[in-house]
Amino acid sequence: MIIFGGVGDLAMRKLLPALYMAHLHGNLPPGTRIISTGRQEYDRAAYLAFVEEHSRPFISGENFTDEAWRSFQQLLEFVRIDVEKDGMAPLAKVSRPGAERVFYLATAPSLFTTICDKLSEAKLVDRNARVVLEKPLGRDLASAVEINEAVGRHFEESQIYRIDHYLGKETVQNLMVLRFGNSILEPLWRAPNITSVQITVAEEVGVGSRAGFYDSAGAMRDMVQNHLLQLLCIVAMEPPASLAPDAVRDEKLKVLRSLRRFSLASIARDTVRGQYVRGVSGNQEVPGYLEERNVPEGSSTETFVAMRAYVDTWRWSKVPFYLRTGKRMARRSSKIVIEFANPPFPLFPETPGGVANRLVIELQPEEAIKLQLMAKQPGSGMQMQQVALNLDLQSAFSQRRAEAYERLLIDVVRGRLTHFMRRDELEAAWEWADPIINGWSALAEKPNPYAAGTWGPSESFALLARDGFSWVE
Ligand code: BG6
């Protein structure tokens, strides 16, 4: 496993802890070597000390043992590479002939082309090699195509693993089982039985130390184009013929291609951009986005997006998909809410809350599936009340739940592509997102302010209220 960007934030916080966990549970093949690369001058001891300081804190106490950590450290090496200057000679020198290689590109995407060219020149890419590409994969369709072309010159599509870590989350994978491992939902899973779908990925954290990257991306490129669209695909896709990577990805691609395109008029009507201002989060006063370190003065980057999207297919005809994501929201909460049509004839007095049946799939931090039904309130009369059938996945299963990165890295090692994005999927997602992003710049409107620690700007509530819906908190 060769990690480019081996001293970076992602390697320290996610990749090495995930590889440690995979090692602890015996999921790395015997003889695995983990070679981190970077431009820094480290000898092995200095690199190990760096990892000790910056990566070990991300391994939780209950998973940490001195013995496992020591044996994990033995897998680690560091190779200094200045790609522009030395090419891959330093790597070729330590690489064993015939080794099965995974190249993990955790660098800025601007380096992907050079890295792949140089790997190829150094004859390190053979039929067994795999390459893992971290997001952001481009900032629009044109740059995504460019990256895909460059990587595709040296790797076959079946050797390319484009990571969207949401596809590695236990609850997201469970969504496939919920839909396709049960038969009771399928007959209902369509218009007009379903009247709306809500997908929320709310974060409590702010932009933190990542403004350098984030300000040029915004919530649309950082979250909607990838994570939210992938969730939407799993909710909306037709049953695949098998779990083979292309069977699943073909179905997701059809959803992406059926997403209704936005026009300037629908952008103005059906999308909401927001940016957080000073507020209270977790009982503490926190700065607004414009006050965060490294955010350019007067930036109009959005930290919140809400929108009404449509999947124009027979199954989903006229069903609105409301998407919402933001930083510094009231709390961390990712959930999918499916609202079902009310009974056609109102036999009982008014439905409290207006909606009789909802399926709520909580992805994080809680992992639960709740089916809201109507029940009779005890007592005289026929008053209804909402009750929930509640499946708490954390207590239903006692097994350890692996982090998304651990699961996906094991998939890469075992050559399983199902939970990674194919080139055409990625490009279809950009094809849909580009006109929205360009439309926002053409309209030149400032994002709507919302106080940190809230559920976003009021315009986002109005977006649903207009159709007679409301966000389920
Ligand atoms: C990343 C985004 O892809 O996902 C971050 O770049 C975001 O901005 C993160 O915070 C959220 O991931 P999770 O797993 O914490 O929901």
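The values are calculated or read from the model by the stated rules, or taken from the named source; none is laboratory data. Since the structure is predicted, the reported quantities are computational estimates derived from the model, not experimental observations. Because the Cβ atoms are built from the backbone with ideal geometry, glycine has one as well, and the counts that use them run over all protein chains shown. Heavy atoms of the whole protein, side chains included, go into the accessibility calculation; ligands, DNA and RNA do not. Shrake-Rupley method; radii C 1.70, N 1.55, O 1.52, S 1.80 Å.
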(message) Applying a 10 Å radius around every beta-carbon, put 127-137, 43-53, 203-213 in order of their mean neighbour count, most first.
(response) 127-137, 203-213, 43-53
(message) Contact order normalised by length for region 39-171, with contacts defined as Cα pairs under 8 Å and 6 or more residues apart; what percent is it?
(response) 21 percent
(request) Would you mind computing, in nm to one decimal, how far apart the modelled labels at Arg13 and Glu350 are, each placed 7 Å from Cα along Cα→Cβ? (result) 4.7 nm
(request) Return the carbon/sulfur percentage of the accessible area of the chain, one whole number, probe 1.4 Å, all protein chains in place. (result) 53 percent
(request) Multiply the residue gap between Lys254 and Asn283 by 0.36 nm, knock off their C-alpha separation, and tell me the result in nm, one decimal place. (result) 6.0 nm
(request) Mind checking the full-extension length gain between Lys123 and Val205? Use 0.36 nm per residue of separation minus the Cα-Cα distance, one decimal, nm. (result) 25.2 nm
(request) Could you tell me whether region 316-400 comes out rounded, prolate or oblate from its Cα gyration tensor? Rule is a ≥ b ≥ c as square roots of the eigenvalues, rounded for a/c under 1.5, then prolate if a/b exceeds b/c, otherwise oblate. (result) oblate
(message) Could you check the spin-label model distance between Ser216 and Ser395? Points 7 Å from the Cα along Cα→Cβ, value in nm.
(response) 4.9 nm
(message) I'd like the distance separating the alpha-carbon centroids of region 278-348 and region 386-463, in whole Å.
(response) 11 Å
(request) Pull up all non-local amide H partners of Ala451: gap of 5 or more, or a different chain, and H-to-H distance under 5 Å with H placed in the peptide plane. (result) Val277
(message) Tell me the per residue accessible area of the chain using a 1.4 Å probe; a whole number in Å² is fine.
(response) 45 Å²
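Counting alpha carbon pairs within less than 8 Å and at least 6 residues apart, what relative contact order, in whole percent, applies to region 371-472?
Relative contact order comes out at 10 percent.
Can you give the helix-only mean residue ellipticity at 222 nm for the chain, where every DSSP H stretch with n ≥ 4 adds -39500 (n - 2.57) and the sum goes over all residues, rounded to the nearest 500 deg cm²/dmol?
Using -39500 (n - 2.57) per qualifying helix, the result is -9500 deg cm²/dmol.
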(request) Figure the gain on full extension for Asn294 and Thr113 (residue separation times 0.36 nm, minus the Cα-Cα span) and round it to one decimal in nm. (result) 62.4 nm
(message) From Cα pairs below 8 angstrom and at least 6 apart in sequence, can you work out the relative contact order of the chain, rounded to a whole percent?
(response) 18 percent
